[in-house]
Amino acid sequence: MYQTVKGTYDLLAEDMKKFERVELLFRHFLDLYGYKEIKTPVFEYTGVFSKENDTSDMVTKEMYSFSPNGKDSFTLRPEGTAGAIRSVVEHKLYASEELPLKIAYVEEMFRHERPQKGRQRQFTQMGVECVGDKSPLIDAEVIALGYFYVKTLGIENIKVCVNTLGDNASRLAYKKKLQDYFAQYKDQLCPDCQNRLDKNPLRILDCKFDHELECIKNAPKMDLTPESKEYFDKVLSYLDALEIPYIIDDKLVRGLDYYTDTVFEVISTREESGSQSTIFGGGRYDNLVKEMGGPELSGIGFAIGVERLIILAEAEGIFDEYKNEVDSYVIDMTEGSEFALKVSELLRNNSYSCEMNFYPRSMKSQFKSVDRRNAKFTIIIGEDEVKENKVTLKNNATREQYNVAYEKLIDKMDSLMEEE
Ligand code: HAM
């Protein structure tokens, strides 16, 4: 017997309802903030994700890459930003549409990570990217979108962490400063961080293994250029104006290499989220559009991990009111007459969801199906009803029953619904 591959999962009907619910609200937020959804292919040329000197775990260790023809290398997308920006550049959207471009995606991602609760090898991200303009107002608006979405969903116990990685000049100087500083502690660092020392010493600051080391705690801070400091201060003042509570975490670097200036993560403070507490993360990227072959345009975005969000939403009891519910169930006590089928179609044509009995069963057993489906209305059809072209309609909430002609059924149900 086959099972799902490690780190992947089936979404059964009840899970699908939860996904639908969180995605529906997300799409509502996209409308509120003017984002348009796109879909990019599940796999891309490997170069879309992997740039020279990349140091992120995602690119160096976790990508599902393959080469069916032995020549070209393809990769299942491990995240949404690179593909979205590839698409912006390929279609020159920055030339044909008003800037900033506001694009969004809800897509499956693939990373070869060690699976655990909230960390899968196939997972879903809902993300946004705002490309083409750079302003602290945009940074604040993007953070607000994610924060208010999560709050509106009903997730209470969250913390917003923000930091700045500075502009290119501040970061370059900081890189050198950190390299000089960490050189004396090289032996204490984990093998990954020893590698990062050359290429991306900033990542040492948020290493999962080394974060308790004294040398990391005492690492020098970044000297921001005046422009970069002013930019970040503005972002913070806008967050204050929107009453979004945040903490500044100067060790927040984020795991991907393309970030510049503002970076942020929203973290759950609930125990249920365990070690995988980051619900969403993102930041600004000044260089990615250019690296992808486009003009010098900055962007900012974030991605929410849908599975993690659902774990938290379950813990907050957000899905508790869910019932498997249908508007109507047609009990058929005839020997399979066409009438029950016709009535069912009539209901669906008038936007009442409907299920019907398919095989001869006792009335009692068909009523059990009504209960199991939490149907609002039961429609009972026997030989008499067929002869007289009518049905027996039962309002399951009040238990009242009505004899209704086929032509009057929808009017009657509409009026009962209005009374509710
Ligand atoms: P990321 O931090 O790698 O950023 O992922 C964003 C979110 O995806 C995480 O906060 C987490 O909720 C979820 N996630 C990541 N890996 C897994 C996994 N293995 N299993 C379950 N959930 C996971 C990005 O991907 C960036 N592209 C975000 C971004 C958009 N930055 C700018 N624009």
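The values are calculated or read from the model by the stated rules, or taken from the named source; none is laboratory data. Every value quoted in this text rests on a predicted model; they were computed, and no experiment measured them. Don't worry about glycine lacking a Cβ; one is built from the backbone with ideal geometry, like all the others, and counts go over all protein chains shown. Just so you know, the surface numbers come from the protein's heavy atoms only, side chains and all, with ligands and any DNA or RNA stripped out. Shrake-Rupley method; radii C 1.70, N 1.55, O 1.52, S 1.80 Å.
I'd like the full set of residues that are of a type in the set (G, A, S) and either near the ligand (Cβ under 9 Å from one of its atoms) or open to solvent by 20 Å² or more (accessible area, probe 1.4 Å) (or both), limited to the range 122-147.
Residues satisfying the conditions are G127, S135.
Can you find a residue in the range 248-259 that is among the small types (G, A, S) and either within 12 Å of the ligand (Cβ to nearest atom) or in a loop (DSSP other than H, G, I, E, B) (or both)?
For the range 248-259, residues among the small types (G, A, S) and either within 12 Å of the ligand (Cβ to nearest atom) or in a loop (DSSP other than H, G, I, E, B) (or both): present.
Select, from L312, L256, L297, L236, the only residue that is farther than 28 Å from Y94 by Cβ, surrounded by 20 or more Cβ atoms within 10 Å (Cβ to Cβ) and either touching a residue at least 12 places away in the same chain (Cβ under 8 Å) or of a type in the set (G, A, S) (or both).
L312
Sort out for me the helices (runs of 4 or more DSSP H) sitting completely within the range 337-413 that have 3 or more residues that are closer than 15 Å to E325 by Cα.
363-372
Go through the range 102-119 residue by residue and tally those that are of a type outside the set (D, E) and either touching a Lys or Arg at 6+ places or on another chain (Cβ under 7 Å) or buried (at least 22 other Cβ atoms within 10 Å of the Cβ) (or both).
10
Identify, by number, the condition in (1) open to solvent by less than 90 Å² (accessible area, probe 1.4 Å); (2) within 20 Å of T398 (Cα to Cα) that I318 doesn't meet.
(2)
Of the numbered conditions (1) outside any loop (DSSP other than H, G, I, E, B); (2) more than 16 Å from the ligand (Cβ to nearest atom), A219 satisfies every one except a single condition; which is it?
Tallying (1) outside any loop (DSSP other than H, G, I, E, B); (2) more than 16 Å from the ligand (Cβ to nearest atom), A219 fails exactly one: (1).
So in the range 378-420, with the set limited to residues that are among the acidic types (D, E), open to solvent by 70 Å² or more (accessible area, probe 1.4 Å) and within 45 Å of the chain's Cα centre (by Cα), which one is nearest to Y352 (Cα to Cα)?
Among those that are among the acidic types (D, E), open to solvent by 70 Å² or more (accessible area, probe 1.4 Å) and within 45 Å of the chain's Cα centre (by Cα), it is D411.
I'd like the residue in the range 168-195 that is in contact with a Leu (Cβ under 8 Å, 6 or more places away or on another chain) and touching a residue at least 40 places away in the same chain (Cβ under 8 Å) and, out of all such residues, is surrounded by the fewest Cβ atoms within 10 Å (Cβ to Cβ).
Only one residue fits best here, namely Y174.
Which residue, of T60, T55, T40, T8, is modelled with pLDDT under 95, assigned to a loop (DSSP other than H, G, I, E, B) and β-branched (V, I, T)?
Unique residue meeting the criteria: T55.
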